[in-house]
2 protein chains.
Amino acid sequence: MSIYIDPAVALSLRGYEMPERLGFGTAMAPVMFRAVCQDGCWSNGELIPYEPLSVDPAAKVLHYAQSCFEGMKAYRTGEGIALFRPEKNAERMAYSAKRLCMPPVPESLFLDGVRTVAAYCANLVPGNSGESLYLRPFLIGTQADLTVSASTSYEFYVIASPSEAYHSGNMRLWVEREDARAAVGGTGDAKVGGNYAGSLLSIGRLKERGYDQSLWLNPADRSSVDELSGMNFFAVIDGALHTPALNGSILEGITRFSLIDLARNLGYKVVEGTIHIDELLGQVASGTCTEAFACGTAAIISPISVIGDDGGSYKLSQVPGPVAQHLRQALLDIQEGRVEDHFNWMLSVETVEV
Amino acid sequence: MSIYIDPAVALSLRGYEMPERLGFGTAMAPVMFRAVCQDGCWSNGELIPYEPLSVDPAAKVLHYAQSCFEGMKAYRTGEGIALFRPEKNAERMAYSAKRLCMPPVPESLFLDGVRTVAAYCANLVPGNSGESLYLRPFLIGTQADLTVSASTSYEFYVIASPSEAYHSGNMRLWVEREDARAAVGGTGDAKVGGNYAGSLLSIGRLKERGYDQSLWLNPADRSSVDELSGMNFFAVIDGALHTPALNGSILEGITRFSLIDLARNLGYKVVEGTIHIDELLGQVASGTCTEAFACGTAAIISPISVIGDDGGSYKLSQVPGPVAQHLRQALLDIQEGRVEDHFNWMLSVETVEV
């Protein structure tokens with residue numbers, strides 16, 4: 001499909017100055033990709049200056065949270081700019097959309113969007129290892145109608161932010177035994193706003209206790225580990241890499257399944273199974289569990305230093321541990337183009353000078 | 001607090017024409033109330049023309065569903081315009097806001113908002129019994145920042161729509177045994193977007209089967225009745241009125257607790273307890289359960305004609321039943337000012353001519 005490039009895009013890009021401190025997701029690129037869908041029919045995409053959206057006060061997204069999103073990154077490689085497995089993000093976003101009765105963004109339109117933003121924003125991709133241009137595709141229901149029903153109109157955007165990794169330093173987790181991130185039969189395995197809104201109260205509570213992230217338990221058994229907000233969980237136990245198996249309430253992280261393949265390829269034993277929280281804390285206390293980390297597109301791999309619970313605080317012995325460091329380096333080496341891409345994970349983007 | 005009235009409001013109101021067919025929540029009043037909150041400090045409120053909101057593409061509400069809302073109505077009474085227990089909506093919205101780490105809208109500001117919109121839109125309140133001006137207060141997180149954290153800026157709006165009752169005719173329910181509306185430890189008892197987004201898929205499925213609404217089960221036991229989407233459930237069993245007791249996943253409807261008081265006052269026995277779905281279906285089949293209905297601000301009281309389940313379809317013997325009709329009439333008589341307001345539920349609004 002042909003993509004319309006608004007003539008104002010060039011001026012926006014030429015006038016852009018990179019922020020002195022990157023942070024994560026706060027400094028936005030001056031352009032964005034947009035396509036609209038009316039009664040199931042998608043428009044062509046267009047690249048336009050970044051500007052406020054005009055949203056009807058009765059739009060479904062504002063009242064009934066009919067929205068889903070993705071997180072991905074454009075990396076600076078030796079040869080140019082590349083995306084990491086963007087077709088997997090397209091696939092997951094289609095799944096999330098269907099869960100909320102939204103029309104899936106066609107894969108070709110999704111890829112057009114992320115490629116076009118990356119191509120025009122090539123100069124905005126920061127160059128230090130671990131930094132990248134964070135891309136945020138999202139889809140919102142825009143029909144002005146207060147009945148509880150699916151919207152008839154949608155808008156798809158890709159916005160971008162030159163960013164550092166989401167977490168720098170080690171993470172302190174708190175076992176969340178009160179609130180739940182998702183329900184059995186809920187939306188936990190889709191990347192939708194409601195999963196995140198409900199998690200804010202827990203995050204606020206644990207920050208007061210000096211922790212960074214909630215460790216969410218499975219809503220069915222309330223005793224096994226699911227994930228963190230926006231990140232998957234891994235632990236090294238008896239030398240093997242363990243991560244919770246997908247169960248309907250865990251979001252299937254693209255970094256998660258890529259790491260599983262990468263780790264196996266590097267000779268690690270990887271176990272996808274049930275991680276009972278009380279067993280895990282015992283294994284941390286006894287030293288059987290030597291390290292733990294969170295992974296995600298935004299977080300890459302972030303070592304966990306402590307897991308706090310009502311019963312006490314459990315310190316990991318190796319922070320960052322050798323497995324986390326090894327996998328983080330191996331993943332970044334692929335993403336940042338320092339090694340051969342044996343997995344065929346990277347998609348090069350032909351950059352556009354304006 | 002002083003409320004700013006935009007001079008353009010008069011023109012908007014004078015030019016407004018009531019829609020020929022009302023529907024529910026589709027024709028919007030031409031004015032709205034707005035207040036903003038930055039770092040915990042609320043602005044004064046203002047009444048302005050209804051217009052699209054300017055929302056940053058990175059606003060928290062679009063990505064992380066940080067939004068909550070209320071539903072209430074302005075009624076045409078013999079003497080003028082009145083609101084039904086608006087302080088209860090203010091209280092519930094404060095609860096919902098806190099659940100999502102949002103600053104509660106102060107009660108006085110909330111009441112200013114709904115009173116001002118009702119006062120200026122008095123001519124838009126339709127006059128037939130069961131019709132009303134539906135008011136939709138809502139609060140959204142507007143900070144442009146992609147980190148998963150609470151917004152630092154918020155906007156509060158009250159929009160309005162001249163409306164019929166949400167449901168006309170009898171409702172056909174389907175027992176939802178697959179999906180869940182809310183989690184144990186989730187947001188089911190708060191009026192937040194995520195509860196509604198996750199319910200759309202179920203509603204879509206059951207409509208294909210010829211049903212209208214999902215009957216949601218409790219997420220802890222998956223075998224007792226919680227509610228419908230946006231409505232509470234009542235059944236008449238052995239002559240007594242039964243409704244599920246509040247349990248953390250049910251939204252506490254203002255119509256629900258008002259009806260409980262009203263019904264007791266009219267001499268009915270009311271039981272708040274656990275309603276096991278299989279028992280209920282047996283009672284419908286045997287005729288012990290004679291009628292069932294849903295209630296809510298939007299729906300008022302809507303009789304249920306059928307409850308469908310994988311095992312078959314269970315028809316209620318009395319549709320609409322005498323208890324539902326009696327309570328509906330008694331409630332509307334108070335709301336529409338035909339009887340003395342012994343409960344002191346109605347708040348008169350001094351109308352403003354423009």
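The values are calculated or read from the model by the stated rules, or taken from the named source; none is laboratory data. Here the structure is a predicted model, which is why all the values come from computation and not from measurement. Here the Cβ positions follow ideal geometry from the backbone for every residue, glycine too, while neighbour counts run over all protein chains shown.
Quick look at the numbers
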item: Complete set of residues in the range B:333-343 that are part of a helix (DSSP H, G or I) and crowded, with 19+ Cβ neighbours inside 10 Å; result: B:ILE334, B:GLN335
item: Pairs, first under 14 Å from A:ASN218 (Cα atoms) in the range A:175-198, second β-branched (Val, Ile, Thr), C-beta under 7 Å, six or more apart; result: A:VAL175/A:ILE277; A:VAL175/A:ILE307; A:ALA180/B:VAL184; A:GLY188/A:ILE250; A:ASP189/A:ILE250; A:ASN195/A:THR187
item: Unique match (being of a type outside the set (Val, Ile, Thr), touching a strand residue (DSSP E or B) at 6+ places or on another chain (Cβ under 7 Å), modelled with pLDDT under 95 and under 23 Å from A:GLN66 (Cα atoms)) among B:GLY193, B:GLY230, B:GLY204; result: B:GLY230
item: The range A:285-326: number of residues that are hydroxyl-bearing (Ser, Thr, Tyr), in a strand (DSSP E or B) and touching a residue at least 24 places away in the same chain (Cβ under 8 Å); result: 4
item: Residue check, A:TYR16 more than 14 Å from chain B (Cβ to nearest Cβ) and either aromatic (Phe, Trp, Tyr) or within 30 Å of B:ALA190 (Cβ to Cβ) (or both); result: yes
item: Filter pass, A:LEU22 being within 14 Å of another protein chain (Cβ to nearest Cβ) and in contact with a helix residue (DSSP H, G or I) (Cβ under 6 Å, 6 or more places away or on another chain); result: no
item: Set A:LEU347, A:LEU327, A:LEU316: member being surrounded by 19 or more Cβ atoms within 10 Å (Cβ to Cβ), of a type in the set (A, V, I, L, M) and outside the structural domain of A:LEU206 (by TED's automatic domain parsing); result: A:LEU327
item: Enumeration of residues in the range B:140-165 that are within 30 Å of B:THR116 (Cα to Cα), among the hydroxyl-bearing types (Ser, Thr, Tyr) and within 7 Å of chain A (Cβ to nearest Cβ); result: B:TYR157, B:SER161
item: Which listed residue is modelled with pLDDT of 95 or more, over 30 Å from A:SER202 (Cα atoms) and more than 14 Å from chain A (Cβ to nearest Cβ), from B:GLY253, B:GLY267; result: B:GLY267
item: Positions within the range B:166-181 being within 10 Å of chain A (Cβ to nearest Cβ) and either more than 17 Å from the chain's Cα centre (by Cα) or among the basic types (Lys, Arg) (or both), in sequence order; result: B:GLU176, B:ARG177, B:GLU178, B:ASP179, B:ALA180, B:ARG181
